[in-house]
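Below: the structure, in structure tokens.
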Amino acid sequence: MKWFPVLSLLFWMCAVYITGIYLFVGGFLLVRLEVNRTSSCLDALYPGQELERDFCRGQPRFRKAVLLIIDALKIDFARFDPNNTSPRPYENKLPVLDETLSAKPSHSRLYPFRADPPTTTMQRIKGFTTGSLPTFIDVGNNFASSAILEDNLIQQLGQVGKRVVFMGDDTWENLYPKRFHRSLPFPSFNVKDLHTVDNGILQNIYTTLEGDDWDVLVAHFLGVDHCGHRFGPDHPAMADKLTQMDGVIRSVIRRLQNDTLLVVMGDHGMTDTGDHGGESQKETDAAIFIYSPSPLFQQPQNQLEPEVVPQTDLVPTLALLLGIPIPYSSVGQVLLPLFPPHGQSAVGALSQQEALWINAKQVNRFLETYSSMAKDIPPETLSLLRAQFSHLSSEYITAHQKGLLSSPQLTASLQAYLTSVRDTCRATWAKFNPFKMAAGLVILALACATCLLLSELSLTFIRENGALKSSCIAVMLTGVCVAIAQLLAWGYVEVPWCVAGAALSSELLFIWKAYRTRTVTKTGLKKSASCLSVPKLLTPAVLILLLRCASLLSDSYVIAEGRVITFLVFSLAFYIPVYLNWHGYLLPQIYDSPKPSALLSSPALPPSVVRKEVSTLMASLALVIGSLFLSLFFHGCREEQGLCQPSQFLSPLSRMQDDKLKNLHYILSVSALALYTFLLRSWMRNYGNLNASSITVFTANWILPLSSISLGLHWAVSGTPEDSFKNLSELIGLAQLALPRAAYCLLTAGLLLIWLDPLTVFIKSKTSTQNRLASRLPPRYRASIGISPQAELHHLIPQIYQQMRQSLDDGELSGAGEEDGRPAVEAYGLGTVYSAPLLLFCGMLGIGLLLLHPEGMALAFLLVLLEMGAVLYIHASHCLHKHNMKYSGFNVPWTPVVLWALAATQFFHATGHLPTFPSIQWGAAFVGFPDGHTGTVLPASLVILNTFASYILLAVSCPLLLLWPLVCEVRYSRGERACGDEVEDAVMEIRLRESPQQFSSALLQLSARYLFVHGAQVFASVCAAAILRRHLMVWKVFAPKLMFEASAFIVTSLSMLLGVTFVLRIDSAVTQWFKRLVPDASR
């Protein structure tokens, strides 16, 4: 077989798809490079005093600060309407704010506090402590780490010696580990718990305020947010929580000293259902209340004050009020009403113009640093901002020297510059890049067309050994030309555009070659061009695929995808027997009058054989339907699905409190695992693949059962409560560590051994001595049931058969005569030489993936094994009936390919997974590693294997669609022989070696079609995200779906390449085996 064209074409096809995904995601989910530099007290901030003044040595406006963060405190909760006589549960429950604003207008202010999406707690904390604009994905040195390494308020406070005390949501402790003078974190994961965090704060906050061992106190309350998640804002529990917060604010105000600043704020809002995370105004608009016992504002609130305060503005404001440098990466603007006009400054207070100038210098410094590291800010915009700051700098120095800093025009110019920088950064980081998105869409669309052409013209491209040489040259030249053009036009090179140009040129060149090939074959003797006609491509399977792709533009479909995809799999499986019956393939052939045998294409099967095959087909269909129905009991639930209850099998045994239920789940799981292992070994035994002495047979006989036993013992130990056997706690802890690791080692060793020696064939020559031994130990299995080894060897390689036949006729092989009617040479397992090791490889891989799932998923893995086997038998019946019981073309139709690909998505949902980030089963990272990891590669790999187990398993086993009809040929051959007909012996998978080019072409066609099905779904997800990028559900439904679909495609591509490579490895081993067989046969 030609392995290089197959692998090179598939690798190129995968690379083109991934390039399109990379470009689109780069435009849709923009990333921001983190600048890990830190501001210092010695930064030159004042004109004319660049080297003399230490900013941190000056007397700050406030010596202490208290930050009360009430999670999800939306602005509607903070407002008070005295005319509202019948307030709703969340209205008028914080009267302390209105009373303070009325009684002390120069001491307090209340503003809407607007967050930048995504409105999640972690991103919001990062926003109002660093002053940056977090994007959907932040890339920097803290990648894959929850800790914030970017310059921030907590770090700056610590550098100047201020003691920061924290209490509340433990997210802060994860973001700022070991940064607090004292920390009292409380668990925040359980949203049903409304009181633990808040009560923990209340037990410590008042004693802390009355003490003197703190400078900044941060208290993060969670009760309001959890109440919204659990009950929604319009519930009596919300009134109780807000009333409690009102009492907290009153108590804190009473304990404040004159040099202390109080900030009460929410990190985000909430919807009417109590949710958050999106970009609606109800989610982004929180409240911020600022108060000080000493006068804070020079004049009452007027129309010049801001209507809305961006969250980023809190960082520079707090920094300058507390006398610390503004964090390096902040793009916020100081809240001007908190600073007095020039000439009216209190002792230690900065004037409005001074604060704005310090703010502007800091923002300009960050802009220059960032633009030198990243090239995503447009050069024209960057030049305008530089010119604007240069003009402002000259104007400010002149005003400073002339004593004219109170100029309103200068103040407005500084504010305009700061606003321009923030708008530029927001446009760069928080907006879509339409050019990259369009480039990704074009490349993905052409990739689908290219993949379709490759699947239909696979034999032609296999015959052309140099099909990719010109494409590679074009790719390199195009990439270089794009790079040179960028250097000449922009002065720098963006690698994504070089990759895009290379991918696009290779696709266009391939399509041009395909068109030329189609033109040539259309005028020649070939008929492959006819396969490209649209009516032949629009089969029911392809139409169902197109329907699914179109449905991905509906958020309702994505939400209910688990059940819909199950229905689609059922529909396709049911379509095959309906199609066969419609065309009369499932009915015995009846001829009205006898015809010469020469006019009959093939002998008709007797009615009894047809009925038996129809029964097998119906049993397979029933097994598929039963598996699909039972798989629905293992689905998880999305937040949008309302009354949906997740499967109990998704809960690990360790979380179950009912002992009877726990025992029942364990028995079912172990039984499913045992049956899974038994079915694999039984199939191999039935086809004679367990007779050889190879290491693959050793793996099937020993490593496979031992791995299952280790997994069953691991479940038993992990499900044991910690307080059940106190005397054996150390032994149980050791077992929890050793058993899964032993399973890892066994499975890894088994997979490597199968790869090294994949053959499961046993050849036996019956010499006289062997005949005597055979009488004691008769062989149990044959190469294929009811098939003569001479016929098998004839279909291996004709030359080998001729040599062996001559040797047998001349008597050169001792004991060459057939005794007891048995052949002189017996080959065990030869008919399934390809499928047996592949099936064992996939079975071992399935057990490894099951190890990363909860115990109850053993039933789901058993169902998918049964479903795969039933689909394979239905597909085999389809192919063999259509080809008059002789599978000769090796081409896999679209229907089983689409069915196989949809089954991967169906199994994804049947193992409790969902295309949402909260549904990721993070516990997989700790299977065998209960104490955690030192790095991020291994846990990330385990989570990926857990999440995309279905795609991995179905992609690696995809070549079985090509092999299975050959495996099932033996049934029909036996049926014909039973009727006394002289028919050619079925040789099963050895037929593939008759035509190496056809074998390579069929394998390439199958892989290309499988890639096309998954690629079409990725393209549909990309189109949905692009078209609906302004949709309300884009970040909740479509963006996660895109990320999961794209990740699944990448995993599927790699897994499919692994499966194809393994088939090629088997073919290479078979070739070597034949080379060793020739001299043995000639002696």
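The values are calculated or read from the model by the stated rules, or taken from the named source; none is laboratory data. Note that the structure is a prediction, hence the values are computed from the model and not measured. Virtual Cβ from ideal backbone geometry, glycine too; neighbours counted across all protein chains shown. What goes into the accessible areas is simple: the full protein's heavy atoms, side chains included, and nothing from ligands, DNA or RNA. Shrake-Rupley method; radii C 1.70, N 1.55, O 1.52, S 1.80 Å.
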Checklist line | Cα gyration tensor category, rounded, prolate or oblate, for region 170-255 with a/c compared to 1.5 | finding: oblate
Next item on the list: Give me the net charge of residue 670's neighbourhood, meaning all other residues with Cβ under 15 Å from the Cβ of residue 670; Lys, Arg count +1, Asp, Glu -1.
Entry: 0
Checklist line | Förster radius 56 Å - calculated FRET efficiency between residue 756 and residue 84 (Cβ-Cβ, nearest 0.05) | finding: 0.10
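Hey, can you rank 610-620, 840-850 by average C-beta count inside 10 Å, highest first? Intermediate results must be reported in sequence, preceding the final value.
Details: 610-620: 16.8, 840-850: 23.5.
Order by mean packing, descending: 840-850, 610-620.
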Notebook entry, point to check: Expressed in nm to one decimal, what extension gain is obtained for the pair residue 547 and residue 254 from 0.36 nm per residue of sequence separation less their Cα-Cα distance?
Noted result: 99.0 nm
Notebook entry, point to check: Which value, in Å³ per residue, describes the convex hull spanned by the Cα atoms of region 619-742?
Noted result: 166
Next item on the list: With a point put 7 Å past each Cα toward its Cβ, work out how far residue 409 is from residue 702 in nm, to one decimal.
Entry: 9.2
Margin query: I need the peptides 485-494, 890-899 ranked by packing, meaning the mean over residues of other C-beta atoms within 10 angstrom, with the highest value on top.
Written below: 890-899, 485-494
Next item on the list: Give, in nm to one decimal, the length gained when the segment between residue 472 and residue 582 is fully stretched (0.36 nm per residue of separation minus the Cα-Cα distance).
Entry: 34.8 nm
Checklist line | Members of 162/282; 126/282; 513/1041; 282/1036 lying beyond 25 Å, as alpha-carbon distances in this model show | finding: 162/282; 513/1041
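Which FRET efficiency, nearest 0.05, do residue 368 and residue 149 yield, Cβ-Cβ r, R0 25 Å?
E between residue 368 and residue 149, to the nearest 0.05, is 0.75.
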Check: Relative to the present Cα-Cα distance, how much length would full extension add between residue 178 and residue 556 at 0.36 nm per residue of separation?
Finding: 131.6 nm
Item checked: region 233-273 shape via C-alpha gyration tensor axes, a/c threshold 1.5 -> oblate
Next item on the list: At 7 Å along the Cα-to-beta-carbon direction for both residue 731 and residue 571, put a label point, then send me their distance in nm to one decimal.
Entry: 5.7
Margin query: So, for region 213-293, what is the accessible surface per residue at a probe of 1.4 Å, expressed in square angstrom?
Written below: 29
